[in-house]
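Down below is the structure, laid out as C-alpha cells.
The values are calculated or read from the model by the stated rules, or taken from the named source; none is laboratory data. Quick caveat: nothing in here was measured; it's all calculated off a predicted structure. Ideal geometry is used to build each Cβ from the backbone, glycine not excepted, and the neighbour counts take in all protein chains shown.
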Ligand SMILES: Nc1ncnc2c1ncn2[C@@H]1O[C@H](COP(=O)(O)OP(=O)(O)OP(=O)(O)O)[C@@H](O)[C@H]1O
Ligand code: SF4
Ligand SMILES: [Mg+2]
C-alpha cells in the first residue's frame, strides 16, 4: 500500500514534468520555430511598450538568447528555488515555488492564482453538491420507476443537459432569472463575496453559476446512476437483502446504490479535479474572476507566464485527482488490490 | 384486504406449520403469460424436511421466492394460499410479510458469491440480518455473528468475521450464508440448490451441517435441487415438480423404492451413483422441459413420456389429476401419502416399475 502510493507519487511528478515540458514547448519553442526573435519573445514577456533597446536588453537578461532547454531548466529551477528577474530597469523577485512572473501586472503568477483559487473552488464545491445530490437522486428514482413518465421526462432533460453548451444554458438562466424581469430573484453575474466575509451573500451571488454548471453535470450523473442502479438492482445480493426483511428504502440505498457507487466516485473525482483548475465557460459567462477566467484573459493578453502558470496548476489538480480516485477505488471496492 | 372476506372462500388455518394451497405464480410478458407455478399444494411441519426436485425451469425457485413474498407485485400474479403458522401470506400486506422474512422464514441461495454483497464484510451482513429483527447494539449483534460463524464451522470466527465474501472459499461462503439465514432462528428455512456451486466433498459437509442445524433449531426445512441424490438422505418427503406443478409426491422411501411416475423414473435413472459411471444414463429423459407459455395440453409430460401411447389420446387431451395412490403408506411424517399425476392405472405403473424400470436401474 505505502509502496504503491510512493510509486504513484513518483509517477505523478514525472507526469507533471512531461506536462510542463509540453506546455513550455508550446509557448516558448513553437513561437521561435515559427520565426519569433528573442527580442520579440522578450517584448511579449515584458509588455509591448518597451522600445527596441529595452527589449534587446530584456531578451539578454531574461535568457531568451539561451537554448530553449536551458530556459526550461531555469523555469523548473524557479519552481524549486525561486527566481529573480533582472530585466534591466529593475529586479523583480519571485519566491519559490515560482510559477512565473507577469511583467504586465508585475506580480508573481502564483499570487494571482492564490487570489483567484477561492472563486473557482467556491463555484466548484457548490455546483458539485447540487449536481451530485440532484443527479444521483434523479438517477435512482428513474431506475426504480423505469419506463414511467418521470423516468422518460428526466432522461429527456438529462439528454438536453449533456448536449447543450454551457454558455447557452448559462445565458438562458442569466436572462430568465436575473435581469429586470419578474423572476429576477438572483443577482446578476460578476459579483463575488468571500465566504469568510458574508456566507449568505457568497451563496446568493453564486447560486446562478452553481445551477448552470450543476445542470450540465447533473445530467450526466443522472444517466450514470440510472444505468448503474438498473444493473445492481438485478443482482443476487439485492434479493438476499430483501430476503433478510430489510425495508425497501434500505435495500435501495445501502445495497443497490452502494453497488453502483464505484463509477460515480471515479467520474466525480476526475470531474472535480478538472473543474477546480478553472470553469472556463461558466466563469466567463458570469464574469467570475476565477482561474478559468484568468486563463482566458491571460491568453487574450498574450501574457505567457500567466498561461504557463495556470496550465501547470490545472495539470497538478488533474493529476492529483487521478491519484486520489485510484486510491479511493480501493476504498470503495474492497475487492480491488492496490499493487 | 380484511381477513373476513378472505375467510369466506378459504377454510380455517390448517394445523401444519406451512401449507401451500393451489399456489399459482404467473408472469405476464411480451411473449405471453408464463405460468411458472401452476397449482402447487403441499404441507410441511416443523422438524421435517421436504425435498423439491425437478429439472431446470420447473418452477422451483419461483415457488420458494413466492413463499417469501419476494416477487415484485408489479410483474408477478400470485394466487392461491400460503399459510405460515396460521397466517395467510398471499393476501397479507407486504409490510407484514417483510416482517416475517429473515425472522420466521429465511432462505439460503444457490450461489453464495453473488448472493452476498461484495462491498460489505461477512460479519456486517450477518449483523444487518440480526439487527433488523432484534433491537440490540452493534456490539451484541457482532458477538452473535461470531457465534453463528463458529456454529456453522468457520475456523477463527472472531477473525474471519471481518473478511469480505471474496476472501472466503466457496464452501465457507455457503456456511456464512447459512449463518446469515439462521441468525434470527427462523422456523422455516428454504435452501435453493444450496450445494450446486460446490464440489462434491464440500457438498456432503454442507448437507451434514444443514441436517444438524435443522435438528438443533427444530425448523421446517425445504431443500430445492435438481439432483435426487442431494435430498435422498435429508428429506422426509419429496415433491417432484414438472412444468410448474407437482407430478409425484411421497415419502423419500416412496420416491426411491416405489416411484410411480415415468418422469420420476427418468430422474432416478439419471441420478449419479457411486457404483455407476456418472456419465452413464439408463433412461435419459429425452426432449426439453415444456414451455411454460404454451403448456402442452393434457399431460404436461406426454411429449417426452415413453409410455404416452399406453393411455391413448387421453395423454394429449386430459390433464391427469394428482391422486393418492397408496394412502398412509408414507414414511415418517409425510402428509397425504403417496400421490401421482398420471393416467396409467396404479397397477400398470407398479408393474412397469417392478418389471421394466427397476431391473434396468439395478443391473448396471
Ligand atoms: N420474473 C419472471 N418473469 C418471467 N418469467 C420468469 C420470471 N421468473 C422466472 N420465470 C420463468 O419461470 C420458470 C421457472 O423458473 P425457476 O427459476 O423457478 O426454475 P427452477 O426450477 O428454479 O430452475 P433452475 O434449476 O434452473 O434453478 C422459468 O422458465 C423462468 O424463465
Ligand atoms: S399420463 Fe401418460 S403421458 Fe403423462 S406421464 Fe402418465 S403415461 Fe406418461
Ligand atoms: Mg432455481
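Given the condition outside the structural domain of residue A:205 (by TED's automatic domain parsing), modelled with pLDDT of 85 or more, within 20 Å of residue A:59 (Cβ to Cβ) and in a helix (DSSP H, G or I), answer yes or no: does some residue in the range A:83-106 qualify?
No; the residues of the range A:83-106 include none that is outside the structural domain of residue A:205 (by TED's automatic domain parsing), modelled with pLDDT of 85 or more, within 20 Å of residue A:59 (Cβ to Cβ) and in a helix (DSSP H, G or I).
Tell me, yes or no, whether the range A:43-52 has at least one residue that is surrounded by fewer than 16 Cβ atoms within 10 Å (Cβ to Cβ), assigned to a helix (DSSP H, G or I) and modelled with pLDDT under 85.
So far as the range A:43-52 goes, yes, one or more of its residues are surrounded by fewer than 16 Cβ atoms within 10 Å (Cβ to Cβ), assigned to a helix (DSSP H, G or I) and modelled with pLDDT under 85.
Hey, any hits in the range B:340-347 for a residue that's at pLDDT below 85 and over 13 Å from residue B:257 (Cα atoms)? Lay out the reasoning, then the answer.
At the first step, the residues of the range B:340-347 found to be at pLDDT below 85 are none.
No, because not a single residue in the range B:340-347 is at pLDDT below 85 and over 13 Å from residue B:257 (Cα atoms).
When the residues of the range B:247-256 are narrowed to those that are crowded, with 24+ Cβ neighbours inside 10 Å and part of a strand (DSSP E or B), which ends up farthest from ligand 1 (Cβ to nearest atom)?
Narrowing the range B:247-256 to residues crowded, with 24+ Cβ neighbours inside 10 Å: B:247-250, B:254-255.
Then keep just the ones that are part of a strand (DSSP E or B); that gives B:247-250.
Working: B:247: 13, B:248: 16, B:249: 16, B:250: 20 Å.
It comes out as B:250.
Return the residue satisfying two criteria in turn: it lies in the range B:297-312 and is part of a loop (DSSP other than H, G, I, E, B) and touching a helix residue (DSSP H, G or I) at 6+ places or on another chain (Cβ under 8 Å), and of such residues it is nearest to ligand 3 (Cβ to nearest atom). I'd like the intermediate steps shown before the answer.
Keep residues of the range B:297-312 that are part of a loop (DSSP other than H, G, I, E, B), which gives B:297-301, B:305-307, B:312.
Okay, now just the ones that are also touching a helix residue (DSSP H, G or I) at 6+ places or on another chain (Cβ under 8 Å), so B:297-299, B:301, B:305-307.
Numbers: B:297: 26, B:298: 26, B:299: 24, B:301: 20, B:305: 24, B:306: 27, B:307: 28 Å.
Filtering first and then ranking leaves B:301.
In the range A:57-96, how many residues are in contact (Cβ under 8 Å) with a residue 40 or more places away in the chain and under 18 Å from residue A:306 (Cα atoms)?
5
Would you mind stating whether residue B:159 is over 23 Å from residue A:248 (Cα atoms), touching a residue at least 12 places away in the same chain (Cβ under 8 Å) and more than 14 Å from every other protein chain (Cβ to nearest Cβ)? If you could, list the steps in order and put the result at the bottom.
Numbers: over 23 Å from residue A:248 (Cα atoms): yes; touching a residue at least 12 places away in the same chain (Cβ under 8 Å): no; more than 14 Å from every other protein chain (Cβ to nearest Cβ): yes.
So residue B:159 does not fit the description; no.
Being part of a loop (DSSP other than H, G, I, E, B) and away from chain A (no Cβ under 13 Å) is true for just one of B:46, B:73. Which residue is that? Let's see the steps before the verdict.
Values: B:73 fails: away from chain A (no Cβ under 13 Å).
When all the criteria are applied, what remains is B:46.
Out of curiosity, is residue B:66 modelled with pLDDT of 95 or more and within 16 Å of ligand 3 (Cβ to nearest atom)? Outline the logic, then answer.
Details: modelled with pLDDT of 95 or more: yes; within 16 Å of ligand 3 (Cβ to nearest atom): yes.
Criteria met by residue B:66.
Let me confirm something: among B:81, B:55, which residue is out of contact with any strand residue (DSSP E or B) (no Cβ under 7 Å at 6 or more places or on another chain) and either assigned to a strand (DSSP E or B) or in contact (Cβ under 8 Å) with a residue 24 or more places away in the chain (or both)? Step through it out loud before you land on a result.
Values: B:81 fails: out of contact with any strand residue (DSSP E or B) (no Cβ under 7 Å at 6 or more places or on another chain).
When all the criteria are applied, what remains is B:55.
Of the residues in the range B:98-119, how many are within 12 Å of residue A:237 (Cα to Cα), more than 8 Å from chain A (Cβ to nearest Cβ), surrounded by fewer than 24 Cβ atoms within 10 Å (Cβ to Cβ) and out of contact with any strand residue (DSSP E or B) (no Cβ under 6 Å at 6 or more places or on another chain)? It would help to see each step written out before you state the result.
Initial filter on the range B:98-119 (within 12 Å of residue A:237 (Cα to Cα)): B:108-119.
Okay, now just the ones that are also more than 8 Å from chain A (Cβ to nearest Cβ), so B:108, B:110, B:112-113.
Filter again for surrounded by fewer than 24 Cβ atoms within 10 Å (Cβ to Cβ), leaving B:110, B:113.
Of the ones still in play, those that are also out of contact with any strand residue (DSSP E or B) (no Cβ under 6 Å at 6 or more places or on another chain) are B:113.
Selection size over the range B:98-119: 1.
Every residue in the range A:107-147 that is touching a residue at least 24 places away in the same chain (Cβ under 8 Å) and part of a loop (DSSP other than H, G, I, E, B), please.
A:146
Could you check how many residues of the range B:84-97 are touching a strand residue (DSSP E or B) at 6+ places or on another chain (Cβ under 7 Å) and within 14 Å of another protein chain (Cβ to nearest Cβ)? So that I can check it myself, show each step before the final result.
First, the residues of the range B:84-97 that are touching a strand residue (DSSP E or B) at 6+ places or on another chain (Cβ under 7 Å): B:84, B:88-90.
Now drop any that are not within 14 Å of another protein chain (Cβ to nearest Cβ), which leaves B:84, B:89.
Residues that pass the stated criteria total 2.
When the residues of the range B:233-246 are narrowed to those that are away from ligand 1 (no atom under 16 Å from the Cβ) and within 28 Å of residue B:302 (Cβ to Cβ), which ends up nearest to the other protein chains (Cβ to nearest Cβ)? Reasoning before the result, please.
Going residue by residue through the range B:233-246, those that are away from ligand 1 (no atom under 16 Å from the Cβ) are B:233-237.
Subset that is within 28 Å of residue B:302 (Cβ to Cβ): B:235, B:237.
Working: B:235: 22, B:237: 24 Å.
Only one residue tops the list, namely B:235.
Does residue B:27 count as more than 27 Å from residue B:185 (Cβ to Cβ) and buried (at least 17 other Cβ atoms within 10 Å of the Cβ)? Spell out the reasoning first.
Working: more than 27 Å from residue B:185 (Cβ to Cβ): yes; buried (at least 17 other Cβ atoms within 10 Å of the Cβ): yes.
So residue B:27 fits the description; yes.
Could you count how many residues in the range B:175-221 are within 14 Å of chain A (Cβ to nearest Cβ) and within 16 Å of ligand 1 (Cβ to nearest atom)?
7
Out of the residues in the range B:208-239 that are closer than 23 Å to residue B:16 by Cβ and within 15 Å of ligand 3 (Cβ to nearest atom), state the one that is surrounded by the fewest Cβ atoms within 10 Å (Cβ to Cβ).
Checked the range B:208-239; the qualifying residue surrounded by the fewest Cβ atoms within 10 Å (Cβ to Cβ) is B:225.
Kindly check whether there is at least one residue in the range A:268-287 that is touching a residue at least 24 places away in the same chain (Cβ under 8 Å), touching a helix residue (DSSP H, G or I) at 6+ places or on another chain (Cβ under 8 Å) and within 14 Å of another protein chain (Cβ to nearest Cβ). Spell out how you get there, then give the answer.
Within the range A:268-287, the first condition is being touching a residue at least 24 places away in the same chain (Cβ under 8 Å), and the residues that meet it are A:268-279, A:281-287.
Keeping just the survivors that are touching a helix residue (DSSP H, G or I) at 6+ places or on another chain (Cβ under 8 Å) gives A:268-279, A:281-287.
Then keep just the ones that are within 14 Å of another protein chain (Cβ to nearest Cβ); that gives none.
No, the range A:268-287 contains no residue that is touching a residue at least 24 places away in the same chain (Cβ under 8 Å), touching a helix residue (DSSP H, G or I) at 6+ places or on another chain (Cβ under 8 Å) and within 14 Å of another protein chain (Cβ to nearest Cβ).
Run residue B:61 past the list (1) more than 9 Å from ligand 1 (Cβ to nearest atom); (2) within 14 Å of chain A (Cβ to nearest Cβ) and report the number of the one that doesn't hold.
(1) is the only condition that residue B:61 fails.
For residue B:73, work out the one condition from (1) within 21 Å of residue B:102 (Cβ to Cβ); (2) at pLDDT 95 or above; (3) away from ligand 3 (no atom under 16 Å from the Cβ) it doesn't fulfil.
Looking at each condition in turn, residue B:73 falls short on (2).
Consider residue B:282 carefully, then state whether it is in contact with a helix residue (DSSP H, G or I) (Cβ under 6 Å, 6 or more places away or on another chain), at pLDDT below 90 and surrounded by fewer than 20 Cβ atoms within 10 Å (Cβ to Cβ).
Taking the combined requirement at face value, the residue satisfies it.
What single numbered condition from (1) at negative phi; (2) over 25 Å from the mean Cα position of the chain (by Cα) fails to hold for residue A:82?
(1)
For residue A:224, indicate whether it is under 18 Å from residue A:139 (Cα atoms), at the interface with another protein chain (Cβ under 9 Å from one of its Cβ atoms) and touching a residue at least 12 places away in the same chain (Cβ under 8 Å). Lay out the reasoning, then the answer.
Working: under 18 Å from residue A:139 (Cα atoms): yes; at the interface with another protein chain (Cβ under 9 Å from one of its Cβ atoms): no; touching a residue at least 12 places away in the same chain (Cβ under 8 Å): yes.
No.
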